[in-house]
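A short write-up of the structure that comes next.
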Amino acid sequence: MCYNVQHQLPPQGSGNSPALRTCGSCHAVFYCSQACQEEDWAALHRPECKPASLYWRQKLKAAGVTQRVEQDRLTFLEALANRFLPAPSETGTSRLVELDRSSGGSCERTEGTLVHVFDTAGMRNMLERTNSLKFVQYEHMSISAFLKKYDQEVGESTQARILQCAERVQRHPDSSALVTGMFLASPRVIITICAKMQYNDGAALGQKYRIVSHACCVLTLLDL
Ligand SMILES: [Zn+2]
Ligand SMILES: [Zn+2]
């Protein structure tokens with residue numbers, strides 16, 4: 001688990017992940033190593049660190065979302081992908097061509113990476129106030145539709161992270177996927193986590209999808 005979008009997975013059989021390093025200024029992001037922390041500082045984190053320390057972490061803290069909670073949800077998300085997602089080459093294609101209706105009626109086609117969304121415990125139903133509760137709901141959408149949908153919760157720097165992950169997935173559509181999970185973190189807080197996963201067909205069952213890096217941890221406060 002590592003916030004560095006350029007993080008590379010070690011070869012198979014690496015065992016447990018190493019102790020994580022948390023950014024000492026904002027405490028909002030964590031990395032597998034000093035090298036990854038430095039790489040991400042140069043790529044994305046430098047401008048987001050201060051806003052993160054002022055706003056992001058406070059929000060997470062107020063909602064009771066600790067790093068441990070975030071890691072547990074990531075582990076769960078990886079398990080969901082292994083249980084429910086077919087190989088990236090079988091999910092149609094990791095690229096999606098969609099009609100963009102916002103461009104004044106002309107049928108402009110935009111191509112985007114596919115985002116797989118697992119909604120656990122019917123979060124979306126709670127938001128939309130319908131009654132059919134299922135344990136895990138699945139849907140997929142294009143990256144542009146995803147960002148549009150979570151526009152209000154996803155800040156600029158998080159959006160940059162998601163797009164960088166999406167770009168990398170698009171470069172390796174047969175061996176990677178963008179997977180998002182929505183979880184209830186407390187009775188009033190939904191935590192949405194987006195991760196880039198690597199797919200290895202030769203790995204053991206249940207370990208084919210592995211999280212490489214994760215792009216965001218976004219909170220929605222339910223007003224009940
Ligand atoms: Zn790393
Ligand atoms: Zn920081």
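The values are calculated or read from the model by the stated rules, or taken from the named source; none is laboratory data. The structure presented is a predicted model; accordingly, all values stated were derived computationally and were not measured. Positions of Cβ are backbone-derived with ideal geometry, glycine not excepted, and every protein chain shown enters the neighbour counts.
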**OP:** Output the number of residues of segment 56-78 satisfying the condition of being touching a residue at least 12 places away in the same chain (Cβ under 8 Å) and exposed (fewer than 14 other Cβ atoms within 10 Å of the Cβ).
**Re:** 1
**OP:** Kindly indicate whether any position in segment 46-62 is more than 16 Å from ligand 2 (Cβ to nearest atom) and not aromatic (Phe, Trp, Tyr).
**Re:** yes
Original post:
Taking Asn82, is it part of a helix (DSSP H, G or I) and either surrounded by 15 or more Cβ atoms within 10 Å (Cβ to Cβ) or at pLDDT below 80 (or both)?
Top reply: yes
**OP:** With respect to Gly206, determine if the residue is surrounded by fewer than 18 Cβ atoms within 10 Å (Cβ to Cβ) and at negative phi.
**Re:** no
**OP:** Working only within segment 16-41, note down all residues that are assigned to a loop (DSSP other than H, G, I, E, B) and away from ligand 2 (no atom under 11 Å from the Cβ).
**Re:** Asn16, Ser17, Pro18, Ala19, Leu20, Cys32, Ser33
Subject >> Contacts under 8 angstrom Cβ, first residue in segment 1-27 being aromatic (Phe, Trp, Tyr), partner modelled with pLDDT under 80 and more than 11 Å from ligand 2 (Cβ to nearest atom), 6 or more apart >> reply: none
**OP:** Scan segment 11-43 residue by residue and report those that are away from ligand 1 (no atom under 12 Å from the Cβ), surrounded by 11 or more Cβ atoms within 10 Å (Cβ to Cβ) and at pLDDT below 90.
**Re:** Gln12, Cys26, His27, Ala28
**OP:** Kindly indicate which of Arg57, Arg46 is at pLDDT below 90, more than 29 Å from Ser142 (Cβ to Cβ) and outside any strand (DSSP E or B).
**Re:** Arg57
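Are any of the residues in segment 115-126 more than 16 Å from ligand 2 (Cβ to nearest atom), part of a helix (DSSP H, G or I) and at pLDDT 80 or above?
Checking segment 115-126: not a single residue is more than 16 Å from ligand 2 (Cβ to nearest atom), part of a helix (DSSP H, G or I) and at pLDDT 80 or above.
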**OP:** Can you tell me which residue among Ala195, Ala203 is touching a strand residue (DSSP E or B) at 6+ places or on another chain (Cβ under 9 Å), in a loop (DSSP other than H, G, I, E, B) and of a type in the set (A, V, I, L, M)?
**Re:** Ala203
